[in-house]
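Below: one structure, written as structure tokens.
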Amino acid sequence: MLAMVAPTPSTALDPGSDESLLLAALRRGDEGAFERLVREHGGRLLAVSRRFLRNEEDARDALQDAFVSAFRSVDRFEGSSRLSTWLHRIVVNSCLMKLRSRRRHPEEPIEDLLPKFLEDGHAAVPSVAWRRSAEELLEIAETRTLVRAAIDRLPESYRTVLMMRDIEELDTAEAARLLDVSENAVKVRLHRARQALRELLDPALRGGAS
Amino acid sequence: MTCREFVPAILDFLEGDLDAHRRRTFLRHLAGCGDCARYLESYRTSVALSREAGAGSDGSEPVPEELVRSILAATGASEARSVFSGRRAPSHLWNMLAGIAASQVLFFYFGS
């Protein structure tokens, strides 16, 4: 079943590599190897978990659940992708589980953040060019704060898909499988999320604003 | 193609999923509509910004020591301890709960 994690030849483990040796030690049940796995990958994966869950306790819980899952399923890991890729997918899934478990309120509709059109098919509100390119904007320290705040304002299901595709760099098929929805549903949600993010950033980045 | 039809096609255009006919129609509209050209540019910039800025910390910080201990305890490597509540949990209870959580993660990850 682990082979379902989309492998690519360029990322397969090389026999005799450090990672292959670590994997062999994990399969032997070497506790030191597992500790090394946690220490080497835990920081990066905790950052992933924090991005998804925005709550330190939930982020740590999700990471712990993910490592427990990994520990129990390492025998089924075939080494057709990198260990880091495999762990990343498990952490993302653990975060999705946590998000599902804490979702109690209906989320805000996204329609207000999508473009409107007139009956003749033209945009109801003309677009204004943004002042700077992405490269220029990223050199400004405030941009990251602005973008993160805008992402956090997206309705949860849209924010989740945007995180999975644009930030965690999962492909559409993988995101669809983890979310248990169709690939088309992922694409629709992603496109809406990106449009809403553009709308939220627009007032601060459009030409003419200070 | 109108602006109303152009906007929903943006994702497929960027991912190379438009067939040849739709791509030609898309590009023709783009060439003649400054409004949609500006919209597409700011859409692309939004994606680039979220990729770079949204990622935030790269996780170069080490995982907190108490969390390492908690994870190792949850896998049964050592005695369990509830580091988040500050209370010590009975190890058999902790292991049972960890097992349930792990089973759920695995079920949704591999079982779908």
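Coordinate-derived values only; no laboratory data. Computed from a predicted model, the values in this text were never measured in an experiment. A quick note on method: Cβ atoms are made from the backbone with ideal geometry, for glycine too, and the neighbour counts reach across all protein chains shown.
Per-structure values
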quantity: Residue count for region A:64-88, restricted to those that are within 22 Å of B:Ser60 (Cα to Cα), at the interface with chain B (Cβ under 7 Å from one of its Cβ atoms) and in contact (Cβ under 8 Å) with a residue 24 or more places away in the chain; calculated: 3
quantity: Boolean, B:Leu49 is free of Cβ contacts under 8 Å to residues at least 12 places away in the same chain, buried (at least 19 other Cβ atoms within 10 Å of the Cβ), part of a helix (DSSP H, G or I) and not basic (Lys, Arg); calculated: yes
quantity: Qualifying residue in region A:94-113 (condition: under 24 Å from B:Cys33 (Cβ atoms) and either buried (at least 17 other Cβ atoms within 10 Å of the Cβ) or within 10 Å of another protein chain (Cβ to nearest Cβ) (or both)); calculated: yes
quantity: Among the residues listed as A:Glu169, A:Glu119, the single one being within 10 Å of another protein chain (Cβ to nearest Cβ), assigned to a loop (DSSP other than H, G, I, E, B) and closer than 19 Å to A:Val48 by Cα; calculated: A:Glu169
quantity: Within region A:129-156, tally of residues that are buried (at least 18 other Cβ atoms within 10 Å of the Cβ) and of a type in the set (S, T, N, Q); calculated: 1
quantity: Any pair with Cβ under 7 angstrom, 6 or more apart, that starts in region B:9-21 at a residue that is over 18 Å from B:Tyr39 (Cα atoms) and ends at one that is of a type outside the set (D, E, K, R); calculated: B:Leu18/B:Ala9; B:Leu18/B:Phe26
quantity: Qualifying residue in region A:152-161 (condition: part of a helix (DSSP H, G or I) and among the aromatic types (Phe, Trp, Tyr)); calculated: yes
quantity: Verdict on A:Ala185 being more than 10 Å from every other protein chain (Cβ to nearest Cβ), under 12 Å from the mean Cα position of the chain (by Cα) and assigned to a helix (DSSP H, G or I); calculated: no
quantity: Pair list, Cβ < 8 Å and 6+ apart or interchain, from region A:139-153 residues that are more than 11 Å from B:Glu52 (Cα to Cα) and at the interface with chain B (Cβ under 8 Å from one of its Cβ atoms) to residues that are charged (D, E, K, R) and part of a helix (DSSP H, G or I); calculated: A:Ile151/A:Arg159
quantity: Filter result for A:Glu56 (more than 7 Å from every other protein chain (Cβ to nearest Cβ), without any contact (Cβ under 8 Å) to a residue 12 or more places away in the chain, surrounded by fewer than 18 Cβ atoms within 10 Å (Cβ to Cβ) and under 20 Å from A:Ile151 (Cβ atoms)); calculated: yes
quantity: Single condition A:Pro126 does not satisfy, out of (1) surrounded by 15 or more Cβ atoms within 10 Å (Cβ to Cβ); (2) within 9 Å of another protein chain (Cβ to nearest Cβ); calculated: (1)
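The rows are residues; the columns are (1) surrounded by fewer than 13 Cβ atoms within 10 Å (Cβ to Cβ); (2) more than 32 Å from the chain's Cα centre (by Cα); (3) within 13 Å of chain A (Cβ to nearest Cβ).
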| site | (1), (2), (3) |
| --- | --- |
| B:Leu11 | no, no, yes |
| B:Leu14 | no, no, yes |
| B:Arg28 | yes, yes, no |
| B:Ala31 | yes, yes, no |
| B:Gly34 | yes, yes, yes |
